[in-house]
Every structure is written in structure tokens, then in C-alpha cells.
1. Out of the residues in the range A:110-126 meeting the condition of being under 18 Å from residue B:35 (Cβ atoms) and either within 14 Å of the chain's Cα centre (by Cα) or more than 10 Å from chain B (Cβ to nearest Cβ) (or both), tell me which one is surrounded by the fewest Cβ atoms within 10 Å (Cβ to Cβ).
2. Please find, among B:284, B:305, the residue that is assigned by TED's automatic domain parsing to the domain that holds residue B:346, exposed (fewer than 13 other Cβ atoms within 10 Å of the Cβ) and under 30 Å from residue B:170 (Cβ atoms).
3. Just name the residue that is farthest from residue B:16 (Cα to Cα) out of those in the range B:84-111 that are part of a loop (DSSP other than H, G, I, E, B) and within 11 Å of another protein chain (Cβ to nearest Cβ).
4. Any chance you could count how many residues in the range B:21-41 are within 14 Å of chain A (Cβ to nearest Cβ) and assigned to a helix (DSSP H, G or I)?
5. For the range B:79-99, indicate whether the set of residues that are over 25 Å from residue A:114 (Cα atoms) and surrounded by fewer than 22 Cβ atoms within 10 Å (Cβ to Cβ) is non-empty.
6. Of everything in the range B:420-474, what is modelled with pLDDT of 90 or more, part of a strand (DSSP E or B) and buried (at least 19 other Cβ atoms within 10 Å of the Cβ)? Give them in sequence order.
7. Would you mind stating whether residue A:95 is more than 12 Å from chain B (Cβ to nearest Cβ) and touching a residue at least 12 places away in the same chain (Cβ under 8 Å)?
């Protein structure tokens with residue numbers, strides 16, 4: 001069974017994302033002086049039910065034991081029914097393959113909720129973006 | 001660290017940041033490029049250009065005392081501060097400061113709902129409370145109260161009301177500043193001021209009676225740079241029993257005049273307590289009919305008579321209005337029946353009944369109801385629309401710059417505004433359809449011609465948008481129309497249009513500013529109000 005870390009490292013790229021993701025993601029991790037083994041545990045993976053690539057992404061995450069949340073463009077329920085409560089408890093990493101407006105909104109919610117930033121973002125297709133939001137530890 | 005506050009040495013700034021950190025905790029002072037970038041205005045019309053308004057750092061206090069300490073430090077080092085509540089004012093500047101190099105005071109952590117009073121239908125909140133937070137707090141308490149929220153609802157009641165933001169439910173609640181009652185403000189000298197009945201120690205009516213005693217100064221803290229608002233009371237609407245919406249269709253171009261007059265009468269006489277919104281099925285149907293599209297795309301704007309002929313031949317209304325009634329079901333029905341009678345005075349007008357609801361809505365009804373902000377339910381749905389998907393791609397249109405002119409609430413004024421703004425659209429090659437749109441109807445006695453101009457990551461597009469915006473302000477001024485709200489990049493321009501008696505209004509603001517903020521630390525340039533040291537420079 002694929003581990004959560006393996007999902008981040010290889011699973012996403014191998015299935016739905018372009019080669020660029022395979023290169024961007026590790027370099028991002030290196031840029032923060034972290035090895036791939038220090039990648040955060042994902043609280044949830046977000047996918048969009050309307051797009052097959054995104055559904056595949058969600059399925060693979062779920063198969064890796066990661067909790068998923070399917071949206072249909074609108075992030076209201078994801079925010080109000082789920083992340084709102086989780087992020088009240090403290091920062092938690094999420095990743096997704098969605099349309100740009102979803103990450104546009106989630107980036108701001110994440111910063112408001114705590115010290116979380118988008119640490120990876122890459123165009124996957126004309127309307128889908130892969131992204132990772134994770135806690136920023138300062139000390 | 002990319003930007004320093006102008007005139008502040010690197011050493012002083014570093015010392016100030018250390019002192020901010022002592023005040024709020026080291027984790028809540030943000031000065032790295034990655035963190036500060038989050039305070040850029042995502043819809044800046046100057047994105048990536050030298051004139052883009054950017055912060056030098058941000059600090060996020062959690063208590064009033066911490067805000068006071070931040071202000072004290074800022075005074076000591078003459079560091080400009082720019083307070084934001086949740087910073088979601090997209091289209092009007094977002095979370096970016098009005099003066100580059102300012103330290104954003106991000107009040108997101110001051111997020112307590114301090115009181116919900118169901119008996120008096122009011123609340124008291126801190127600036128970091130979002131509409132989602134307040135809605136949830138009311139639901140958790142089981143109070144039968146409604147909020148009135150903008151669309152989308154991720155902003156804050158305090159931030160939105162201070163910028164004269166608006167919502168969608170009942171008269172008396174849609175104008176969010178008008179619906180506030182009582183403020184707490186940290187002044188530039190660090191003192192804490194409470195307005196209205198809040199000035200009375202032990203007051204029992206801070207959120208119940210607005211005026212207190214003496215001059216009512218609350219307006220001085222809206223769209224201003226005279227203080228940092230740390231608490232605000234708001235009046236909330238008791239949940240109504242029911243809602244109904246009806247529509248009226250008319251078929252002649254000039255029918256807009258009696259249509260708007262009748263809506264105004266219904267609103268101002270209290271018969272209709274919701275918004276009366278206006279539309280034209282002609283513009284909505286254009287994609288289905290190339291002949292109609294051709295009429296609408298005519299250079300210089302559509303010919304009203306040609307559209308009128310099209311409307312008659314195709315049995316398409318020229319104009320419609322949607323009416324909204326909130327309250328007792330029987331009263332709504334009586335009010336709607338009276339409205340039907342009034343509109344029957346317009347020859348050929350058709351009155352159609354629309355959806356009805358009883359409250360509270362079930363979760364399923366909330367999912368299927370159209371435009372749930374009409375029921376005070378915050379959401380983010382606007383970001384999932386096709387138009388927004390287009391806007392949030394990198395090119396050509398990333399976002400919006402809102403132009404919002406207040407014009408009289410009558411058909412003649414709308415026709416004139418459409419004509420004038422269509423000319424501007426032609427001059428700048430903007431979509432004409434856009435400028436023949438109908439006004440937004442948040443206010444009882446005026447309407448807003450609201451245009452969304454494209455902003456982009458493309459500098460040439462932004463240059464054109466800025467030029468169009470300046471032209472819009474100019475032609476509006478020539479016609480006696482003013483903007484009710486503007487992004488910081490254009491606030492000097494808009495304030496200068498309010499030029500009666502040699503700009504006495506702006507000069508009055510400057511006099512107040514110099515008196516209560518002599519170091520000019522609070523939001524320099526906000527609403528075109530500059531402190532003396534920067535004014536003279």
C-alpha cells in the first residue's frame with residue numbers, strides 16, 4: 001500500500017500531473033532545506049468531482065489512506081463544514097487538484113486560520129492546478 | 001525584506017519589528033518576503049509595477065492592549081500602519097496598504113463574537129470575526145436572527161461596514177455601516193475610545209442606542225484613517241416567517257422610468273422591505289440569437305428602438321424587476337398584491353409570482369435556493385462561477401477593479417448613465433454590453449452603477465484599465481455622480497472629485513488628521529487623507 005508520503009512524492013505525479021510536477025515538488029522541498037521524508041502528513045486531499053483527472057487524483061489519495069473531500073467548484077462546504085473546524089485546532093496540511101479559484105480562496109483561508117501557506121502550485125491542465133498548503137513553522 | 005517604510009532606517013525598522021514581536025509574540029510578526037506577499041492586493045491594477053502598493057511587514061495582535069502597544073511603537077519610529085480586519089476587500093484594494101511600506105496590522109486574530117443579544121437583535125464583534133464566524137455563532141446559540149452579508153461572505157462585518165459595504169436582505173440591514181451601533185477605537189495616540197452609549201461606563205445600551213450624547217462621530221472612523229476599530233456592534237434582523245419574490249415584466253424602453261419609480265415608492269413607503277432588482281432579458285438572451293447579438297453589439301451602443309422592435313416581435317420583455325418581500329406570509333401576500341396593482345398602471349406590464357420560502361430553510365433548501373445571501377447565509381459560490389474561473393486565470397483578466405458610481409434612482413438617470421458610460425467604453429474598447437447594464441439597488445434612494453474593469457498580470461491591460469477608470473471618474477464628476485468606494489490606488493482621484501468649495505471636505509479631514517494623528521502613522525493616504533508630513537512632501 002502506498003504511504004501518505006509516497007503519495008505526495010510519486011503518486012500524484014505518476015497519475016495525473018505533468019512531468020513538471022515531479023521536478024517542481026522535490027526542488028521546493030529542497031529549497032526549504034527539507035528532504036522528502038520531512039514532507040508533512042496531509043490532513044486532507046481536495047479534488048473536484050467534475051473532472052476525471054481530479055477524481056483520479058482523489059481516488060489515488062484515498063487508496064493511499066488519505067482522507068479526501070470532493071468539491072464541485074464551490075469550496076463553501078469544504079470550508080464551513082470541515083476546514084473551519086480542523087484549522088481551529090491548529091495548522092494542518094492539505095493538497096489538491098482543483099480549478100484556480102478554489103486554491104485562490106483556500107490560500108487566504110489558510111493564512112487567516114493560522115500560519116499556513118501555499119508551498120507548491122503548478123498548472124496541470126488548462127483549468128486544473130495542483131497545490132499544497134502546509135504549516136509554516138518559524139522557530 | 002523588500003520594502004522599508006519610507007524615511008525609516010533599516011536599523012529603526014528592525015528595532016520596531018522586535019518591539020512589535022514583544023507586543024504580540026514573535027510568531028505573529030511577518031516580515032519574510034513569502035509572508036508579506038500574502039498581503040499584496042491580488043487584484044492590484046499596478047501588479048508588478050513600481051507603483052504597486054505593498055506592505056513592508058505585518059503584525060497580528062490578539063488583544064486591544066496589543067494594538068495599543070503596536071501604535072505606541074509605530075509612533076516612536078514613525079512607522080505607517082495599515083489595519084485590516086480580514087483583508088478580503090477584493091476589487092477595492094484587498095489587504096494591501098494605501099501607502100507602500102506600511103506595516104499591515106492584521107486583526108484576524110481578534111476574532112471573538114463577544115455578544116449575541118436575541119432579545120434586542122444585536123451583536124458585538126471584533127474585527128477578525130468573519131461573516132461565517134458570526135453566522136455560525138448565531139446558529140450555535142440557536143438564536144432566531146439573521147446576519148446580512150456580502151457575496152462572497154468571507155469578509156468581516158467590521159471591515160465591510162467600515163468601507164461602506166452592502167448586503168442583500170432587508171432594508172435597514174443591507175447598508176452595513178448604517179446597521180452598526182457602537183464602536184471601540186484605538187486612536188493614534190494609543191487611547192481607547194468608545195462611541196455612542198459606550199462612552200458611558202457600565203452602559204447597558206451600547207448596542208441598542210447609537211448616538212449617546214453630543215456629536216455622533218462614528219462616521220469619522222469609516223473609510224478613514226483616524227483610528228483602529230477594535231469592536232463594533234451591529235443590529236441583526238429577527239428571522240422572518242416567510243419570503244416571496246415576484247417579478248414584473250415591461251416591454252418598452254421608457255417603461256424603465258415608471259418601473260423604477262414604482263419600486264422606489266414601494267421601498268420608501270415600507271411596502272416592500274427587500275431589494276427591487278432590475279434586469280433586461282434582452283442582454284441575457286443574446287447568446288441564443290445572433291440577430292439580437294448584432295443589435296446589442298452595435299458600435300456606440302444598442303439602438304433602443306431597434307431593441308424595442310425585437311422585444312415586441314419576439315415577446316421578450318425589455319426590462320424586468322424582481323421584487324422581494326420578507327415577513328409574515330400573510331403580510332407578504334398583501335404587500336405583493338398591492339404591488340401588483342401599482343405596476344398594472346404600466347401598459348402591458350406582466351406580474352409573475354416567483355418562489356416562496358418559509359424559514360428556517362432546510363439544508364436541502366439552502367443548497368437549491370437561488371442566491372442564498374438573500375437569506376443572510378454566507379457562501380463562497382461566486383468564486384465557482386464560470387466568469388470567476390475566467391478571471392482567476394493568469395490572462396487576460398485575473399480579477400476586478402470595481403468602479404461604483406452613485407446615481408439617482410430613476411429611469412432617466414439610468415439612461416443618461418448608460419449613454420455616458422457607453423461612450424467611455426467605446427473610447428477604451430471595453431465591452432459595450434457591460435456599460436449598458438442596469439444599476440445595483442442596495443440603497444433606498446440611490447443606485448450604484450457598478451462596473452468591473454479587468455485587472456491582469458499583463459501590464460498593458462492594467463494600464464488601459466487605469467486610464468478607463470480615471471476617465472470614468474472624470475465623466476462621473478462632470479455629471480454630478482461620485483464613487484461611494486474605491487481602491488486605494490484611486491482614492492486621491494475620487495476624493496478630489498468631491499471638490500465643493502475648494503475641496504473643503506478634504507481639507508477638513510486633513511485638519512482632523514493632523515490633530516489626532518500628528519505623526520501620521522495610521523493609513524496615510526486612505527480616502528485621499530494624507531498627514532501633514534506626507535502632504536507637504
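1. From the range A:110-126, those under 18 Å from residue B:35 (Cβ atoms) are A:110-121; that's our starting set.
Now restrict to residues that are either within 14 Å of the chain's Cα centre (by Cα) or more than 10 Å from chain B (Cβ to nearest Cβ) (or both): A:110, A:116-121.
Details: A:110: 25, A:116: 22, A:117: 18, A:118: 18, A:119: 21, A:120: 19, A:121: 15.
Across the range A:110-126, the extreme among qualifying residues is A:121.
2. Values: B:305 fails: under 30 Å from residue B:170 (Cβ atoms).
Going through B:284, B:305 in turn, the sole match is B:284.
3. B:90
4. Qualifying residue count, the range B:21-41: 10.
5. No, that holds for no residue.
6. Within the range B:420-474, B:447, B:448, B:449 qualify.
7. On the way: more than 12 Å from chain B (Cβ to nearest Cβ): yes; touching a residue at least 12 places away in the same chain (Cβ under 8 Å): yes.
For residue A:95, the condition - more than 12 Å from chain B (Cβ to nearest Cβ) and touching a residue at least 12 places away in the same chain (Cβ under 8 Å) - is met.
Quick grid of which residues meet (1) touching a strand residue (DSSP E or B) at 6+ places or on another chain (Cβ under 9 Å); (2) assigned to a helix (DSSP H, G or I); (3) crowded, with 18+ Cβ neighbours inside 10 Å:
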site: B:258; (1), (2), (3): yes, yes, yes
site: B:264; (1), (2), (3): no, yes, yes
site: B:278; (1), (2), (3): yes, no, yes
site: B:309; (1), (2), (3): no, yes, no
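The values are calculated or read from the model by the stated rules, or taken from the named source; none is laboratory data. Keep in mind the model is a prediction, meaning the values are calculated, not measured. Positions of Cβ are backbone-derived with ideal geometry, glycine not excepted, and every protein chain shown enters the neighbour counts.
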